[in-house]
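Quick notes on the structure that follows.
The values are calculated or read from the model by the stated rules, or taken from the named source; none is laboratory data. Here the structure is a predicted model, which means the values were calculated and not measured. All Cβ positions, even for glycine, are placed from backbone atoms using ideal geometry, and neighbour counts span all protein chains on display.
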Amino acid sequence: MTAALPRADVAPVASAKRRRRAPGWLAVVPLLVFAAIAFGLPAFAILDGAFTVGGHYGTTNLTDSLQGPYLTSLLGSVKLSALAALLGALLGLPLAQAVVGSRSRWLREAVLTASGVLANFGGVPLAFAFVATLGNAGVLTVRLGLKDSGWNLYSFWGLVLVYLYFLIPLMVLTITPALDGLRAQWREAARNNGATGVQYWRHVALPVLAPSLLGGLVLLFGSAFAAYATAAAMVGSAVPLVTLQIADALSGNVLVGQENIALALSLDMVLVAGLVMAVYLPLQRRSARWLDA
Amino acid sequence: MARRLTPWRWAVLGLAALYFLVPLGASVVFTVDEPGRGISFDAYTKILSTDGFVSSLLLSLELALATIAVVLLLMVPAMVALRLGAPRLRPVVEIVCSLPLVVPPIAFVAGIVSVLKWGPDQLSRTPLFETFVAIQNPSFPVVLVLAYVVMALPFVYRALDAGLRAIDVRTLVEAARSCGASWPQALVRAVLPNIRGALLNAGFLTLALVLGEFTVAQLLGYQPFAVWIYNVGGSQAQMSVAVSVLSLLVTWALLLALAGVGGGRNRTANSRG
C-alpha cells in the first residue's frame, strides 16, 4: 500500500531507468535453478523410484507400502502424531491463555522466549534429556521406583510424553497471536448481555479462535509426523513409526527393491504432509483475516 | 483494570513449569551424580578431549556458515527483485520456498540417496560423475549444504518477507539510484542496512536448523554435531546428556540474542512450522 504513493511521483524517471537495466526476473533465476536441482531432483527421484518396479513403471511399491509392517508403521505414525497433537493443543491453549490473561509483560516475554527455544528443541538432545530423566536408569525412574509400577519410556506413551515437550510450546507460539486478538470489548459486551464466562467462551471466543486452533492442531500433527531424530535416539525400533521404517530400509542391508519401498513410503509421507498443508494454509489465512480486521 | 493471577492460572503455570523444568534439572543431576560415587563433573570436563567432539562441532559450524551464505545470496537478491521488477514471479517463489515444508526431512533424504546412486549407476562415464564425487567429499560434504539450504528456504523466506514488507524498497532503491549509486551499491548500502533485523533473524534460524540437524546427515553417513551426540550416547551416556544440556543452553543463548536484536516482534517466526 505504502509503495503505491511515492511510485506515482517518480514513475517517469523510474521507467526510463527500468528500460536500461536488466530485467528483474534475472535475480530470481539463480534461486529457481538451485531449487530445481537441489529440491527438484530428489523430489523426482522419490516419484520415479516409488513407481519403478524392476525396471518398469508400476504401482506395486505403493500398494506394498500400504500393507503388512509398512502399513502398521504408517498407522502407528498417524496415531502417535494425532494423539500427541491433540494433547499438545489441549494443553497449550490453557497455558497460552494463562500467559495472555495475566497481563504481566515479564511473564509473557519469559514464556514466549522459552517457547521459541523449546519448540526448536527437538531431536537427539531432547531424547537424551528424557532418557536421563525417565529412562531405565533415569534420575526419576530410579529415585521414585517407577520401574516397579510398570513405567517404560521406550513405548508409545513415552514418545507422546516426549513429543509434548516441543509440541506444547509450538502450540503456545501459534495460538498466542489469536488470543491477543480477542478484544476485551467482546467479553464486556457478552457480560453486559448477561453471558456467563462459559457462555462467552462457548459462543464468542471459541468460534473466533476455531480456525487458529484447528490450524495449530494440524501444524502440530505435521511436526510430530515428520519427527525422526527423537524417536530414533530414544526407542530405536520398539515403536513402529514410518520415519524409522524408511531409515531402516535406507541404511539397513538393503535388499533389491527395498529402497524403492522406502521411496514409496516417503511418497506416502509427502502425501500426508501435503494434505496437512492443504488444510493448514486456508485456516491460517482465515484466522489472519479475522484477527487483523 | 489489570486482572489478577487467579488460582487456576497459577496451577496451569505451575504444572507447565514442572513439566518443562524437571527433565532439564534431572538431566543435570544425571550428569554430575553417579550412583554410589558422589558428585563429579567428569562428564563436562571430559567433553573437550573426547574423540570427535571438536571435529564434529567444527564441521557443523562450517556447514552452518556455508548454508547461511548460500541461502542469503540466493534469497536476498530474489526477494528484492520481487518487490522491484518482477512482482508476477512472487507466487512462484512463494510456492518454491514452501514446498520443502511438504517433504519431511526423512523423505527428502531418501530422495537424495537415490539421486546420489545415479552417480555410480548411470553417470560413471560422464564428467558429471566427478561432480557427484566432489559434493560427497567427507571432509566437507557440499551435498549437506545443498540439502540444508533447501530446508532453510521456508524460514528464510518468511523472515525476509517480513523484513522487506516493513520498508519501502522501491523508494529506497530509487533514492539511492538518483544519488548516483550503482545497483549493487543501492542493494548493499541502502536496502540491506534497513533489513538488518530480518537478515539476522534468517541467519540465526538457519544456524539453529543446521546445528541441530540429524536426519539428513545421519542417513547420508556424515558426522556433524547432532550425529556425534547420538553416537557418543551409545557408549558414554553421561557425556551425551551433558552435551545435550550444553547444546540446549547454546540454543537458548542464540535465540535470546535473536530476541534482543529483533526487538522480540518476530518471535513467532521462530517456530518450525
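Looking at the stretch B:1-103, the helices (runs of 4 or more DSSP H) lying wholly inside it that each contain 3 or more residues that are within 30 Å of residue B:141 (Cα to Cα) and free of Cβ contacts under 8 Å to residues at least 40 places away in the same chain sit at B:53-84. The listed residues are A:271, A:275, A:219, and the only one of them that is modelled with pLDDT of 85 or more and either crowded, with 21+ Cβ neighbours inside 10 Å or in contact with a Phe, Trp or Tyr (Cβ under 7 Å, 6 or more places away or on another chain) (or both) turns out to be A:219.
Picking from residues in the stretch B:142-193 that are within 9 Å of chain A (Cβ to nearest Cβ) and of a type in the set (Ser, Thr, Tyr), the one that is farthest from residue B:119 (Cα to Cα) is B:178. Count of the stretch B:226-243 residues, restricted to those that are more than 17 Å from the chain's Cα centre (by Cα), surrounded by 19 or more Cβ atoms within 10 Å (Cβ to Cβ) and either without any contact (Cβ under 8 Å) to a residue 60 or more places away in the chain or facing chain A (nearest Cβ under 7 Å) (or both), is 5.
Report yes if some residue within the stretch B:126-141 is part of a helix (DSSP H, G or I) and facing chain A (nearest Cβ under 9 Å); otherwise report no. No, the stretch B:126-141 contains no residue that is part of a helix (DSSP H, G or I) and facing chain A (nearest Cβ under 9 Å). The listed residues are B:220, B:192, and the only one of them that is surrounded by fewer than 18 Cβ atoms within 10 Å (Cβ to Cβ), out of contact with any Ser or Thr (no Cβ under 8 Å at 6 or more places or on another chain) and in contact (Cβ under 8 Å) with a residue 60 or more places away in the chain turns out to be B:192. Within the stretch A:27-42, restricting attention to residues that are facing another protein chain (nearest Cβ under 7 Å) and among the aliphatic types (A, V, I, L, M), the residue that is farthest from the chain's Cα centre (by Cα) is A:27. Determine whether residue B:114 is surrounded by 20 or more Cβ atoms within 10 Å (Cβ to Cβ), at the interface with chain A (Cβ under 8 Å from one of its Cβ atoms) and among the hydroxyl-bearing types (Ser, Thr, Tyr). Yes; evaluated as a whole, the condition is true for this residue. Scanning the stretch A:191-214 for residues that are in contact with a Pro (Cβ under 9 Å, 6 or more places away or on another chain) and of a type outside the set (Ser, Thr, Tyr) turns up just one, A:211.
Candidates B:204, B:140: the one that is over 16 Å from the mean Cα position of the chain (by Cα) and aromatic (Phe, Trp, Tyr) is B:140.
Evaluation of residue A:219 against the conditions (1) outside any helix (DSSP H, G or I); (2) under 30 Å from residue A:49 (Cα atoms); (3) not β-branched (Val, Ile, Thr) shows that the sole unmet condition is (1). The residues in the stretch A:40-86 that are in contact (Cβ under 8 Å) with a residue 12 or more places away in the chain, exposed (fewer than 15 other Cβ atoms within 10 Å of the Cβ) and not in a helix (DSSP H, G or I) can be counted, and the count is 2.
Scanning the stretch A:147-183 for residues that are outside any helix (DSSP H, G or I) and either within 16 Å of residue A:219 (Cβ to Cβ) or touching a Leu at 6+ places or on another chain (Cβ under 6 Å) (or both) returns a single hit, A:153. On inspection, residue A:239 passes the criterion of being more than 12 Å from residue A:70 (Cβ to Cβ) and at pLDDT 85 or above. Here the condition is being of a type in the set (Gly, Ala, Ser), without any contact (Cβ under 8 Å) to a residue 40 or more places away in the chain and closer than 30 Å to residue B:110 by Cα; of B:180, B:163, B:212, B:203, it holds for B:212 alone. When the stretch A:110-146 is filtered for residues that are in a loop (DSSP other than H, G, I, E, B), farther than 15 Å from residue B:33 by Cα and hydrophobic (A, V, I, L, M, F, W, C), only A:121 remains. Confirm whether residue A:118 is among the hydrophobic types (A, V, I, L, M, F, W, C) and either within 7 Å of chain B (Cβ to nearest Cβ) or in contact (Cβ under 8 Å) with a residue 60 or more places away in the chain (or both). Yes: the conditions hold for residue A:118.
Of all residues in the stretch A:238-248, exactly one satisfies the criterion of being more than 13 Å from residue A:156 (Cβ to Cβ) and more than 10 Å from chain B (Cβ to nearest Cβ), namely A:248. So which residues in the stretch A:181-206 are farther than 22 Å from residue A:284 by Cβ and in contact with a Lys or Arg (Cβ under 8 Å, 6 or more places away or on another chain)? Within the stretch A:181-206, just A:200 meets the criteria.
Just one of the numbered conditions (1) crowded, with 23+ Cβ neighbours inside 10 Å; (2) facing chain B (nearest Cβ under 8 Å); (3) within 19 Å of the chain's Cα centre (by Cα) is not true of residue A:132: (3).
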